[in-house]
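What follows is a single structure, written as structure tokens, with notes after it.
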């Protein structure tokens, strides 16, 4: 469905705009909620964009700010038409942004489009929250990083309750991020890293998976302590590998993390099939990424293995395969500057579906 942009769009520029890319977790899913480290990287090949326009003159009397949101086709997510009194992440962000502007309401129509597939572990809620916060605060003339972060976090809390914050931070900064015990740090990357992200086609619910894992953690606490300790070691190996540009070491870390996630019963036959196909075709390492129970997997590739791995993932049933390059540290800084300006930085990768 094509968004029904207001007639004012033909007469001039929007009042404010914002955009934000997605993210994937490299290592550390779930255990990061209990203090263990995790690494996430931005995925600018998918993004959410938002624009704020003067409100329709023919709007229903008494209505306040309205949001129209569209998501990628084929993901099962219908367009949303929301107001400030509705529930969910977008109204939560809008209300938080207006409070920061000192407003109770605003005569604005917000148009939002996202290519970040929801329910896949690629940061869909974080991307739309950051894009919306940037657009609304820009419209109000007060878009600074602190206000954007505060408004966007309201959306993440509406989705995840008490999120670790790694999605939110990675998307906001556009930088590879290390999180441990609630402290964020931007990571050094010595050489570009190429990841292929494969969509299993299975949607998941992060909240439901976290709740189920929490119940199992209460029944078998010692197993979860061992898993967390193992993932902590893996995360530090991955950090060293990224700092050295050591693809082989990083690949082994991905493989090891996936074994733990399988033991935690977070993978699925569909994800395991994509991961096995990627490894067989020459990937340096592969694992599920995100909450599990469906969603996406990632494969670390080299220039010599990339095409074979891409083909193998498609033949194994991936609904879509995205390519993302994590730049080396100096190049990453340029990417982050663009991201903080509200623009999704260009990426040498391209989505093929």
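What to note about this one:
Conditions tested, residue by residue: (1) assigned to a loop (DSSP other than H, G, I, E, B); (2) touching a helix residue (DSSP H, G or I) at 6+ places or on another chain (Cβ under 6 Å); (3) modelled with pLDDT of 95 or more.
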residue	(1), (2), (3)
195	no, no, yes
202	yes, yes, no
217	no, yes, no
222	no, no, no
225	no, no, no
239	no, no, yes
252	no, no, yes
258	no, no, yes
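- Matching residues, the range 95-140, being under 15 Å from the mean Cα position of the chain (by Cα) and part of a helix (DSSP H, G or I): 124, 125, 126, 127, 128, 129, 130, 131, 132
- From 253, 248, 312, 278, residue being more than 20 Å from residue 177 (Cβ to Cβ) and touching a residue at least 60 places away in the same chain (Cβ under 8 Å): 278
- Scanning the range 290-317 for residues that are modelled with pLDDT of 95 or more, within 24 Å of residue 263 (Cβ to Cβ) and crowded, with 21+ Cβ neighbours inside 10 Å yields 296, 297, 298, 299, 300, 313.
- The range 170-185, residues that are touching a helix residue (DSSP H, G or I) at 6+ places or on another chain (Cβ under 9 Å) and either in a loop (DSSP other than H, G, I, E, B) or in contact (Cβ under 8 Å) with a residue 24 or more places away in the chain (or both): 170, 171, 172, 173, 174, 175, 176, 177, 178, 179, 180
- Residues that are more than 11 Å from residue 198 (Cα to Cα) and in a strand (DSSP E or B) do occur in the range 282-298.
- Extreme residue, farthest from residue 54 (Cα to Cα), among residues of the range 68-88 that are in a loop (DSSP other than H, G, I, E, B) and touching a strand residue (DSSP E or B) at 6+ places or on another chain (Cβ under 8 Å): 72
- Within the range 276-289, the set of residues being closer than 20 Å to residue 201 by Cα and buried (at least 24 other Cβ atoms within 10 Å of the Cβ) comprises 278, 286, 287, 288, 289.
The values are calculated or read from the model by the stated rules, or taken from the named source; none is laboratory data. Bear in mind that the values here come from a model prediction, so they are computed numbers and not experimental data. Quick reminder, even Gly has a Cβ in these numbers, built from the backbone with ideal geometry, and neighbours come from all protein chains shown.
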